[in-house]
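Structure, as structure tokens:
The values are calculated or read from the model by the stated rules, or taken from the named source; none is laboratory data. If you're wondering where the values come from, they're calculated on a predicted model, not measured in any experiment. Don't worry about glycine lacking a Cβ; one is built from the backbone with ideal geometry, like all the others, and counts go over all protein chains shown. Quick note on the areas: whole protein, heavy atoms, side chains included, nothing else; ligands and nucleic acids left out. Shrake-Rupley method; radii C 1.70, N 1.55, O 1.52, S 1.80 Å.
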Amino acid sequence: MNEVESKWQSVLRTIFPTIVVRQDFSIPEDDDIPFLGIYMIPDERMMEFTEKVRGKRFELMERENLPDVSLLHCSTSDTQRYYPHIYAEAQSEIRRSGRATKSASGKTTRKPSPKKSALRATAASRR
Amino acid sequence: MHIPESLAASYRRKALAAFKAAMSLCAWNADGAANRLYYCLYLALVAEFERLGIRPETIDAGSARAAAGDIRLKWTHSFVRKNGSLASLTARECPTVNDAYDLRIIADYRESDVTCDEVKQHFRNVQSILEALGINVGVCP
């Protein structure tokens with residue numbers, strides 16, 4: 001991820017945790033402002049995106065020190081239909097983060113079991 | 001004697017036609033409507049900049065670069081989008097120009113399409129901008 005993508009993605013994920021931000025270099029317009037694809041916006045929250053992000057873009061940019069961009073939004077269903085590689089990437093990230101959460105909680109609750117060599121040494125010293 | 005229409009007057013006339021086209025296209029061709037909706041703002045703003053005698057190539061590096069090859073290219077999209085305040089657009093009106101541009105980019109170039117509802121959301125704001133710039137739109141649906 002480049003800096004523009006990661007800055008916008010981390011801010012937008014505070015509102016829409018599932019979104020994926022990728023710069024779109026395919027737009028044939030001569031423009032000095034980057035084009036950012038905003039993928040995986042839940043279908044039922046598209047209006048919310050308009051209100052919370054589009055309607056407040058300048059406030060958001062100023063508050064979070066974000067660079068100026070063109071926001072090219074895409075719902076989850078459109079991401080699946082038109083950008084399946086990004087949809088697949090998002091799905092695998094969700095799966096990974098799910099596993100990571102389980103794994104992290106498992107590590108914190110489970111007591112480490114003593115090594116067999118340590119047990120053998122303890123037993124030997126008791127003998 | 002025929003007096004030629006000024007560039008600003010031509011652009012205002014085209015801006016109004018673009019807005020009307022956006023309204024009539026919306027129900028069956030939302031991508032087309034999004035394209036016309038942005039261009040009505042672009043043309044209206046360029047008309048106002050022309051009327052005010054603004055020279056973008058003297059205040060914006062991108063416009064200067066574009067104008068170096070051909071002076072007619074000085075009205076870059078980024079200049080127009082970033083400088084609505086020069087045409088007295090308010091802080092609430094300026095994002096509408098950016099939103100309309102983003103919708104137009106999606107409509108023209110992306111695999112996905114814009115929806116009629118997304119375009120309709122902007123009609124009223126665009127109308128008020130046009131009227132603030134002296135373009136009488138009439139009744140908005």
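Here's the picture: charge each Lys and Arg Cβ at +1 and each Asp and Glu Cβ at -1 in chain B, and of B:GLY32, B:LEU45, B:ALA18 the one pushed furthest to the positive end of that dipole is B:LEU45. In terms of Cα atoms, the Rg and Dmax of segment B:72-136 work out to 12.8, 36 Å.
When the Gaussian network model of chain B links Cα atoms closer than 10 Å, the mean-square fluctuations of B:GLY62, B:GLY32, B:GLY53 top out at B:GLY53. Taking the C-alpha atoms only, the angle from helix B:30-52 to the longest principal axis of chain B is near 30 degrees. For segment A:58-85, a drop of 40 Å² or more in accessible area on going from the chain alone to the assembled protein chains (1.4 Å probe) is found at A:PHE58, A:LEU72, A:HIS73, A:TYR82, A:TYR83. Convex hull volume of the Cα atoms of the protein assembly as shown, normalised per residue: 183 Å³. Measuring between alpha carbons in the structure, the pairs from A:LYS56/B:LYS74; A:LYS7/B:LYS120; A:LYS56/B:LYS82 lying more than 20 angstrom apart are A:LYS56/B:LYS74; A:LYS7/B:LYS120. Atom-type composition of the exposed protein surface of segment B:7-132 places 50 percent of the accessible area on carbon and sulfur (1.4 angstrom probe). Using a 1.4 angstrom probe on protein heavy atoms only, the contact between B and A buries about 2100 square angstrom of accessible area, both sides summed. Out of segment A:12-64, which trypsin sites (Lys or Arg not before Pro) are coil in DSSP terms and have no more than 15 other C-beta atoms within 10 Å? Filter output for segment A:12-64: A:ARG13, A:LYS56.
Average accessible surface for chain B: 48 Å² per residue, computed with a 1.4 Å probe over protein heavy atoms with every protein chain in place.
Viscosity 0.692 mPa s, temperature 37 °C: Stokes-Einstein D of segment A:1-61 from its Kirkwood Cα radius, in µm² per second? It diffuses with D of about 265 µm²/s by this estimate.
Per-residue 3J(HN,Hα) values for segment A:3-19, derived from phi via the Karplus relation 6.51 cos²θ - 1.76 cosθ + 1.60 with θ = phi - 60°, read 5, 4, 4, 5, 5, 5, 5, 5, 6, 5, 5, 6, 9, 10, x, 8, 5 Hz in sequence order (x marks Gly and Pro). Ordered by 1.4 Å accessible area with all protein chains kept, A:MET1, A:MET40, B:MET23 run largest first as A:MET1, B:MET23, A:MET40. Taking Cα centre as origin and charging only the Cβ of basic (Lys, Arg, +1) and acidic (Asp, Glu, -1) residues, the dipole magnitude of the protein assembly as shown rounds to 2320 debye. With 10 Å bins beginning at zero, the pair-distance distribution over Cα atoms of segment B:1-137 amounts to 13, 41, 34, 11, 1, 0 %.
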